[in-house]
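Down below is the structure, laid out as structure tokens.
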Amino acid sequence: MAKQSGGNVDTVMQETRLFPPPQEFAARAKIGSVAAYEKMWREAAGDIESFWGQLAGELHWFRPFERVLDWQEPDAKWFVGGQTNASYNCLDAHLDSWRANKAALIWEGEPGDTRTFTYQQLHYEVCRFANVLKKLGVTQGDVVSIYMPLVPELTIAMLACARLGAVHSVIFGGFSAEAIADRNNDAGAKVQLTADYGWRRGAELQLKKNVDDALKKSPTVKHCVVLKRTGNPVHMESGRDHWWHDLIAEASSNCPAVPLDSEAPLFILYTSGSTGKPKGIKHTTAGYNLYVKKTFEWVFDYRDEDVFWCTADIGWVTGHSYVVYGPLSAGATVLMYEGAPNWPDEGRFWELIEKYRVNIFYTAPTAIRAFIKWGDHWVDKRDLSSLRLLGTVGEGINPEAWMWYHRKIGRERCPIVDTWWQTETGGIMMSPLPGAIATKPGSCTKPLPGIMPAIVDSAGQPVPQGQGGWLVMTKPWPGMLRGIWGDQERYREQYWTKVPHNYLAGDNARCDADGYYWIMGRIDDVLNVAGHRLSTIEIESALVSHPRVAEAAAVGRPDEIKGEAVAVFVTLKNGEPDEALRKELKAHVRKEIGALAQPDDIRFTGALPKTRSGKIMRRLLKDIASGKTTIGDTTTLEDYSVLAKLRSDEE
């Protein structure tokens, strides 16, 4: 509940409940007191280069770095002159220790099939697939596009790319052919990896069919490797398409990791922006690798005997950082589940926690709200006593959902780490350290060591304590993005020009009297649907590409399950709207972008409320979609009758 004005945000939410770390948890934690946390944070703030330089010794270096940081705002180079390899740090680094035969990956498919890979076995498979990529002509710097279900081969493919110095671009398996083609073309992808199908709620997703359609518009892609997941027939184009199992059968398991410059690109991950074109966030090797390893260890207080389950799809940054690179660099055992949380029934997640004795569970607030709606009886029938730590990611969690999570899943004995971070930040930026920091429902609490945030107004001036404003970072950190693929000017403009000398996160936030941070929502027009950021412009562009649509505006409205639902206002070129057209437009958006972006509401209108300069006033539309009375400044509205008409249509 907030309103924005000039970069400041008024807050009406107050939350005073405080939950200190359980004594037993704190006694065993790596960082077990507020004093220990504050000491680390002060050390980092006092000498950021010394702090990260010492921690970087935990990575394997083919060649030591000469300098910790070269900061030429807004371009950072971390661990200058050093050579390392993220695949080596995730796999080879463990092979001379007892972890060689420890489970690295435990996987369960939606139909119930299971596989487990030790670090040694995962290394073997990664080396073989890296040799497959080499045979297809992939070399250092080439981009490999990955559009796969949540199966072990997805992790294997990513680590194989990293081993060679190839750049992977993982595309979420729910996106459409158009979205795949857009990303392939922007990245200049050379090879496409996919599967015949993927399982989702008992249905087979046509992944290869989507890729076939995308590759008609992806001229840079020369080869497509297809994993046989379900075995049902798919089209295979001679010369271009290859079965994964055929190629891997002939591949050698000898493939040394390539020594890579610390700043060699590791991956591109596309995220929606405030323009119609998705932006490819670029992350590089050493800084990102170190950052996700340390934040994984700090935030989740990871112990060697733990089973860690992050429920995120690897197509999002959470999967990159806390399913693959962070946990595996730390030598963790990771659980990966392919399917939906409500298949074959709403108790699947709790069944998996009981079956695999999961110790750390990291999921999204949108999932938690769904669990609440489905009913406590699904939880009550399972033994969740193995859990010792809970986490949330993807958006802010409302306090009552936090309390349900605390009481019902954590049994009031598991700390909750409510984490704030972004695709751009690489890893977690603010979170409770579970053995040190008391939690408040709905707050991401404190910045991690090495992270220095501030809250400012639109002029870049600090706001008073408790007042909302723009969240910025005042110092660089190793996991930060290194730019937007192929568009450094857009990188500078979007993140560094609005508040000079500071990284603009794009979120509103406030800091309370205890120094706890509260995230208050996006500054821009990006929607957060079920924990996934979607651009309003992308949705609007998809709608306008329909021959009957003249103009469209997309906004979010509150939704009990998804956080935000997509509501769109559409003006037609001609003719009268009807229910058939509404269904047709929903299907059109689904085809153009993907199921996640399909509008929940479509409202037809003769005109949209605009400023005199022609900008659509989405804030007013958001109020209408949410059923609120319009408040705030409407002086720039060009035609008040448009707003009145929309209101009368609503009544």
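The values are calculated or read from the model by the stated rules, or taken from the named source; none is laboratory data. All values derive from a computational prediction rather than experimental measurement. Counting neighbours? That spans all protein chains shown, and the Cβs are built from the backbone with ideal geometry, glycine included.
Based on this model, can you work out whether residue 335 counts as in contact (Cβ under 8 Å) with a residue 12 or more places away in the chain, touching a Phe, Trp or Tyr at 6+ places or on another chain (Cβ under 6 Å) and either aromatic (Phe, Trp, Tyr) or crowded, with 21+ Cβ neighbours inside 10 Å (or both)?
Here the answer is yes, as residue 335 does meet what is asked.
Take the residues of the range 38-61 that are part of a helix (DSSP H, G or I) and among the aromatic types (Phe, Trp, Tyr): which is surrounded by the most Cβ atoms within 10 Å (Cβ to Cβ)?
Per the stated criteria, the residue is 52.
Quick grid of which residues meet (1) modelled with pLDDT of 95 or more; (2) part of a loop (DSSP other than H, G, I, E, B):
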{"residue": "492", "(1), (2)": "yes, no"}
{"residue": "500", "(1), (2)": "no, yes"}
{"residue": "506", "(1), (2)": "no, no"}
{"residue": "510", "(1), (2)": "no, no"}
{"residue": "513", "(1), (2)": "no, yes"}
{"residue": "518", "(1), (2)": "no, no"}
{"residue": "521", "(1), (2)": "no, no"}
{"residue": "524", "(1), (2)": "no, yes"}
{"residue": "528", "(1), (2)": "no, no"}
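Name the residues in the range 465-482 that are surrounded by fewer than 23 Cβ atoms within 10 Å (Cβ to Cβ) and more than 23 Å from residue 449 (Cβ to Cβ), would you?
Within the range 465-482, 466, 467 meet the criteria.
When you scan the range 631-642, do you find a residue that is at pLDDT 75 or above and in a loop (DSSP other than H, G, I, E, B), even just one?
no
What pairs come up if the first residue lies in the range 406-417 and is buried (at least 16 other Cβ atoms within 10 Å of the Cβ), the second is of a type in the set (Val, Ile, Thr), and their beta carbons are under 7 Å apart, counting only those six or more places apart or on different chains?
The qualifying pairs are 406/416; 408/379; 409/379; 410/416; 415/439; 416/392; 416/439; 417/299.
Pick from 587, 552: which is part of a helix (DSSP H, G or I) and among the small types (Gly, Ala, Ser)?
Residue meeting the stated conditions: 587.
Yes or no: the range 435-444 includes at least one residue that is touching a Cys at 6+ places or on another chain (Cβ under 7 Å), at pLDDT 95 or above and not charged (D, E, K, R).
no
Listed residues 512, 487, 507; which is acidic (Asp, Glu), touching a Leu at 6+ places or on another chain (Cβ under 9 Å) and either surrounded by fewer than 24 Cβ atoms within 10 Å (Cβ to Cβ) or within 21 Å of residue 365 (Cβ to Cβ) (or both)?
Testing whether each residue is acidic (Asp, Glu), touching a Leu at 6+ places or on another chain (Cβ under 9 Å) and either surrounded by fewer than 24 Cβ atoms within 10 Å (Cβ to Cβ) or within 21 Å of residue 365 (Cβ to Cβ) (or both) leaves just 507.
Counting residues that are over 23 Å from residue 479 (Cβ atoms) and modelled with pLDDT of 95 or more, which helices (runs of 4 or more DSSP H) fully inside the range 300-410 reach at least 2?
Helices (runs of 4 or more DSSP H) meeting the threshold: 348-356, 377-380.
Confirm whether residue 195 is out of contact with any helix residue (DSSP H, G or I) (no Cβ under 7 Å at 6 or more places or on another chain), hydrophobic (A, V, I, L, M, F, W, C) and within 24 Å of residue 595 (Cα to Cα).
Against the criterion (out of contact with any helix residue (DSSP H, G or I) (no Cβ under 7 Å at 6 or more places or on another chain), hydrophobic (A, V, I, L, M, F, W, C) and within 24 Å of residue 595 (Cα to Cα)), residue 195 does not qualify.
Does residue 564 meet the test of being assigned to a strand (DSSP E or B) and charged (D, E, K, R)?
Considered against the rule, which asks whether it is assigned to a strand (DSSP E or B) and charged (D, E, K, R), residue 564 comes out as yes.
Going residue by residue through the range 412-420, is there one that turns out to be more than 26 Å from residue 348 (Cβ to Cβ), at pLDDT 95 or above and touching a Phe, Trp or Tyr at 6+ places or on another chain (Cβ under 9 Å)?
Looking through the range 412-420, at least one residue is more than 26 Å from residue 348 (Cβ to Cβ), at pLDDT 95 or above and touching a Phe, Trp or Tyr at 6+ places or on another chain (Cβ under 9 Å).
Could you tell me which of the residues 141, 81 is modelled with pLDDT of 95 or more, more than 26 Å from the chain's Cα centre (by Cα), surrounded by fewer than 19 Cβ atoms within 10 Å (Cβ to Cβ) and not hydrophobic (A, V, I, L, M, F, W, C)?
On inspection, the qualifying residue turns out to be 81.
Just one of (1) part of a helix (DSSP H, G or I); (2) surrounded by fewer than 19 Cβ atoms within 10 Å (Cβ to Cβ); (3) at pLDDT 80 or above trips up residue 624, so point out which.
(2)
Is it the case, given these coordinates, that residue 467 is within 21 Å of the chain's Cα centre (by Cα) and touching a residue at least 60 places away in the same chain (Cβ under 8 Å)?
Considered against the rule, which asks whether it is within 21 Å of the chain's Cα centre (by Cα) and touching a residue at least 60 places away in the same chain (Cβ under 8 Å), residue 467 comes out as no.
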